[in-house]
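Here is the structure we will look at, set down as structure tokens.
The values are calculated or read from the model by the stated rules, or taken from the named source; none is laboratory data. Everything quoted here is computed from the prediction, not taken from an experiment. All Cβ positions, glycine included, derive from the backbone under ideal geometry; neighbour counts span all protein chains shown. Protein only, heavy atoms only, side chains kept; ligands, DNA and RNA dropped before computing areas. Shrake-Rupley method; radii C 1.70, N 1.55, O 1.52, S 1.80 Å.
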Amino acid sequence: MADSWNTIADWYAELLRAGSAMHDFARDILLDRLPDDLGDQRILDLGCGEGILIRAVAARSASVIGIDPAPRMIRHARAAEAGRRTGAVYAVDDGCTLSTVPTSSVEWVIAGLSLNNVPDLPAALTAVRRVLVAGGRLVFTVPHPCFEVPHATWTEAGTPRRVIGSYLAEGFWRSANPEGARRAGNQHRTLSTYVTALIGHGFTIEAMAEPAPNAQLTAQQTQRAGLPPFLLVQARQP
């Protein structure tokens with residue numbers, strides 16, 4: 001049976017609970033795009049997983065809801081909420097439809113390493129526009145499309161270098177790494193596909209960044225020094 005996010009949910013939750021420099025870095029760079037005080041803001045976390053990002057957002061006094069299509073991920077998120085109340089609400093939902101989220105009901109949609117998992121990006125952006133209020137914002141991270149391409153590898157001799165495969169080959173792929181999250185699957189899209197889709201859906205791109213790895217991440221994965229692991233985008237709808 002092929003791995004899915006539901007089948008690796010227990011492993012993934014344990015990985016994050018034990019401390020993952022990569023996931024902590026992804027959380028923190030997205031948080032840096034949000035106001036420190038979110039007391040009057042309603043926020044949707046699209047593809048919340050076990051809740052690493054939404055718990056941090058809730059700590060800023062926001063009203064938050066997390067959705068994920070994997071029921072087992074939502075169970076882990078709810079268990080964490082039961083252990084330490086933040087006010088976060090969770091639902092099993094498809095990021096391509098957001099059927100549990102009312103129209104014009106949130107000021108922010110955040111998506112930490114999740115839009116690269118939705119099979120239909122245009123449908124997801126249509127759903128995001130529907131649930132955002134006028135002037136609402138979408139902030140998301142994805143594995144950097146230029147470097148985290150299907151079956152990219154590292155050189156094994158001398159100074160580690162990233163070896164890139166076919167960047168232009170868009171589509172679904174699985175990693176062969178038995179200890180990697182992308183064994184559950186990933187949708188590779190070029191950087192221009194993300195940008196064009198946002199513009200085509202009426203979003204104004206306010207920021208695009210490629211944050212350099214922090215000290216904690218490079219200490220855990222020395223080969224990543226100087227290579228941005230994620231693309232960060234903030235966009236506003238009219």
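Observations, loosely collected:
- Placing dummy labels 7 Å off each Cα toward the beta-carbon, the span from Leu168 to Asp120 is 2.8 nm.
- Helix 71-83 axis versus longest C-alpha principal axis of the chain: approximately 70°, rounded to the nearest ten.
- Lys, Arg +1 and Asp, Glu -1 on Cβ, resulting dipole of the chain about Cα centre, debye, nearest 20: 80 debye
- Within the listed set Gly39, Gly136, Gly112, the Gaussian network model of the chain (springs between alpha-carbon atoms below 10 Å) gives the highest mean-square fluctuation for Gly39.
- Counting every alpha-carbon pair across region 141-213, the share separated by more than 13 Å comes to 72%.
- Taking Gln220, Gln41, Gln187 in turn, the Gaussian network model of the chain (Cα-Cα springs below 10 Å) assigns the largest fluctuation to Gln220.
- Cα centroid separation - region 111-181 against region 84-109, whole Å: 22 Å
- Among beta bridges that DSSP assigns inside the chain, antiparallel share in %, nearest 5: 50 percent
- Ellipsoid equivalent to region 1-70 - semi-axes via the Cα gyration tensor, in Å: 24, 14, 9
- Computed from Cα positions, the angle between helix 121-131 and the longest principal axis of the chain comes to roughly 30 degrees.
- Angle between the chain longest axis and helix 191-200 axis [Cα atoms, degrees, rounded to 10]: 20 degrees
- Rg then Dmax, both in Å and based on the Cα atoms of the chain: 17.1, 54.
- Whole-number percent relative contact order across region 134-183, with pairs defined as alpha carbons under 8 Å at least 6 apart: 26 percent
- Note on exposure: Glu179, Glu156 ranked by accessible area (1.4 Å probe, complete protein assembly) read Glu156, Glu179, with the most exposed listed first.
- Selection among Gln220, Ser192, Thr153 by position relative to the dipole of region 148-228 gives Thr153 as farthest towards the positive end (Cβ unit charges, Cα centre).
- Built from the Cα atoms of region 1-125, the convex hull projects on average onto 7.7 nm², one quarter of its surface area.
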